Every structure is written in structure tokens, then in C-alpha cells.
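To start, the structure under review is shown below, and the notes come after it.
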Amino acid sequence: MPGKSCRLSALCARFNHREGLIPHCLQRNKLMTNEVSLGLIPRSLLWGVSFAGYIEYIMCKWIERRTVLRFQELRLRNWRNFGNVNFELTNRVFIIGANAAGKSNLLDVFRFLKDVTADGLQKAVNARGGIKKLRYLNARSQNYIEIFVRLIEEQEGTSVEWTYTLQFNSAGGKHENRDINIKLEKITCGSDVLEDRKYQDGDYLSNQFTYLEQPAMNTKYRALYECFRDISYVNIIPQLIRESDSFIPSASTEDFYGRNLLENISAAPKKSRATKLNVINKILKLAVPQFSNLEYTQDEKGRPHLQVKYEHFRPQGAYQREDQFSDGTLRLLGIIWAILDGTGVLLLEEPELYLYSEIVKQLPMFIANAQKSKIAKNRQVIISSHSFDLLDTDTIDLDEIMILEPGKEGTVVEKASESETARAKVEAGYTPADAVIPKVTPKGIMEGQLSLFDFGLVQR
């Protein structure tokens, strides 16, 4: 039933905050993901707690560990390129648009929600250059930024709808003030309104912090908090993997570009690492000529490496480490690892870069199969691209494609299935690439004007 998960979350919140019931070490974030058993809690701490109540507590933990949240709807107001957009999301999403249409800015909405849970609203805004760089340029009287997301929490045989709304603006004043004020924050679960706070005059400090980012406040909606926290963004840069020591680490704790890929592989549990590398090994055998075997190794100083055997005229072959891999091999390896590693929402930025066209064409089907597997089951994947090859397959539905078209009133987001032209082409036997890419190609490029540009060198 719709309200069941919400009541269980509230139940867990009551148990978590009863003084003396649960040890302090179990009240941290891991409490919501680690299985709690009766043997871990001293008998003295159970005084005053009914057996039935404790069983309910264990049941709520059991259910929370089996829930999966995925985004179903996104609404934006005054966010970067987008004046006012609203669209639905599927389990696999392709965001398609020309250069500067706003593909990366759309992905950044999800990264922003992750940053709010990790570092707070103030830091998330300031890391992006402040409110002036975030706000839509043509914003008028209602110039606050609004983010609304609707999510579905899937349990065994049931589903629960969550919504999160956040409106914020600069504090303003006579002098420039970089602080951000929260205009509205609302959280619902099913028919239950868990939070509905508005701007409070005179309460300067409270207006700066979301309830979502505060562990003491978000216990009733910890599942939503964890969904945002577990969002991953990946845009593998092969040079960072090959020459990681040559680059200064980012101030961010996140590894968006693959610099710490080897460390992440090393940190994975041995059995899980072996399973994932076995999948990658089989794929690379198909994609890379003379590729024989991929192995995880450590050098004499204990540093992690990936070693590959290449077959040649000698029976024993030749071994190479990751610093000798091609750019395409490293990027494909990093993308596959990212898809297999984790269960949170995955954001992929232009995965087609460095890859051979036939590999790119098969990526959508690989992602779909991975979502059905035990390793990355039900994981939502959101992809930005302008690649013809990526969409040149009949394994993608038009419902999964979001078309970004810049206009005078900001970028418009249209689902490909809502375009009569796109539907007609697909029904006639064309691929989604034939139906969608011409729609997002700039008019001047379609007319071949770039190839006719003479740089003023041609005598007229």
C-alpha cells in the first residue's frame, strides 16, 4: 500500500532517536544500509522496549535494504538554460541535443542534488559560481530557482511515490550577499507530507540549510537522502587513468573522470571485483584485437594495476599494463566498470568518445542487459549524447529519448515519442538516429554552410 514505506521510515526514525536504545555508532548513515541483528545490541539497551516493537524495527530495516528509488519526473524553473521545463524519465534515458543545448546542465541537476546531501546547499551553489551563474538569464519577476523531482520507490510487489521540491534564491540586500535563502522545501511520500517549510522572516540561519542535508532532520526520508547521495557521474578521461600521478587531484571528493579508477577497483571486495573484471574481460576480447586476458595485479609497492595479455606469434604472448592501453580501451573499461559498480542513478556524459562506431551502437543494448542482471539490477542510467551511432539501433524506444532544442525562451525539452515526425520515421522502419539527429542538428550545419566557409581567402 502507498503509505506503508513512509510509516516504516517514520518508525525507524523513532527507534533511531530514542535515547539509549541504539548505540551511537549505529546511528550514522550506515544504519540505513547495514543489517541490524539482535546479537549486536547489548541486553541492557533493550530494557523498556517491547518484543513486538523491536521486531517492527528489524522489519523496517529489512524492507529498506530492498528498496530501489529511480527518477520518474523532473521539473525545472530558471535553471541555467532552462526557463521552465517538465518531463518524465524512464529507467534508461538518452538526452540528445546540439552543442550548447544544455545536455551537461541537465545532468548537473542530479549532481547538484547529490552535492546538497553531501556538502549542503550553500557549498553546492558556490561550487557552481554562485546564484548568478545558475539562474536562467531571462528570468523575470519570479527569479527563484526551482527543482522538483518525482521518484518511485520500488519494493517487492509494491511501489511508493516520493516527491522533493526545492526553491531557492540569493539573500539579497544592499550589498552583495553570496548566501542562499531557501524559499520552499517540500517532501512527500505517498499521501504523507513529511516536510513543508517556507521562508521564515528573521530566521536567517535556518533559511540557509535544507532539511535534506541535516542528518538529525532527514531520518523520516532517509531513503530519499540516500538516493541523492548515491548518484554517480562518469566522464572517463583516459589520460587521467594512464598518467594519474601527473595530474593534481581535484578538490572534490568525487572521481568524475576516472583518475582513481584503479584504486576503486582495488577497494572492491575480492569476489565482486573478480566477477566484474570477468565481464569486462569478455567484452574487451570482442572489442580489442589480440586481447587475451585482463588481470588485476599489484606491483612491488602494493600499487594496483590492470594487466592484459596480447596474443602474437610467440605462444606466451606479451603483457601490458594500463599505461600502455589505448584511449578507447581505457574509456570502454572505465564505462563498463561504472555501469557494473553500484546501484544508484548513473549519469554518463557522451560515452561515445574515443570508441569505435560499432561498439557505440551496441552500448545501449549492453546497458539494458546490465540493468536486468544481478550486478546492476534496476539501476537507472541517464546518458547525454549527440552521437548518431549511439541511437542507430532498434533497441531504443522513443520514450527513452529527450530532445533538447534551444529557443528564445530557453531550451525546450521534448520527448521523442511526442514528435509526429520522429514517430512516423520509426514506424516506417528508420532507427531513432534517423528520426532524432536531424531534428537537433543546427540549420546552418544541415545546409552544409560550414564546408563552404572560405575564411575570406577566396577571391570574389
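So here's what we get for this one:
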{"read-out": "Full-extension gain in nm, Lys198 to Asp399, via 0.36 nm per residue minus C-alpha separation", "value": "68.8 nm"}
{"read-out": "Neighbour-limited loop hits for GluC sites (Glu not before Pro), region 82-182 (at most 11 other Cβ within 10 Å; DSSP other than H, G, I, E, B)", "value": "Glu156, Glu176"}
{"read-out": "22 Å Cα-Cα reach of Lys408 towards lysines, excluding residues that sit fewer than 8 places from it in its own chain", "value": "Lys103, Lys132, Lys133, Lys439, Lys443"}
{"read-out": "Burial ordering of Leu240, Leu346, fewest other beta-carbon atoms within 10 Å first", "value": "Leu240, Leu346"}
{"read-out": "Ranked list, fewest to most other Cβ atoms within 10 Å of each Cβ, for His312, His305, His386", "value": "His312, His305, His386"}
{"read-out": "Additional length obtainable on full extension of the chain from Tyr319 to Glu154, 0.36 nm per residue less Cα span", "value": "54.9 nm"}
{"read-out": "Region 176-240: trypsin sites (Lys or Arg not before Pro) in DSSP coil with no more than 12 other Cβ atoms inside 10 Å", "value": "Arg178"}
{"read-out": "Scattering profile of region 265-399 at q = 0.14, 0.21 Å⁻¹ [log10 I(q)/I(0), Debye over alpha-carbon scatterers]", "value": "-0.70, -1.39"}
{"read-out": "Kirkwood Rh and Cα Rg combined as Rg/Rh, region 91-177", "value": "1.03"}
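All of the numbers you see were taken from the coordinates with simple rules; none came from a lab. Remember, it's a predicted structure, so these values are computed and weren't measured experimentally. Glycine also receives a Cβ, built like all others from the backbone with ideal geometry; neighbour counts cover every protein chain displayed.
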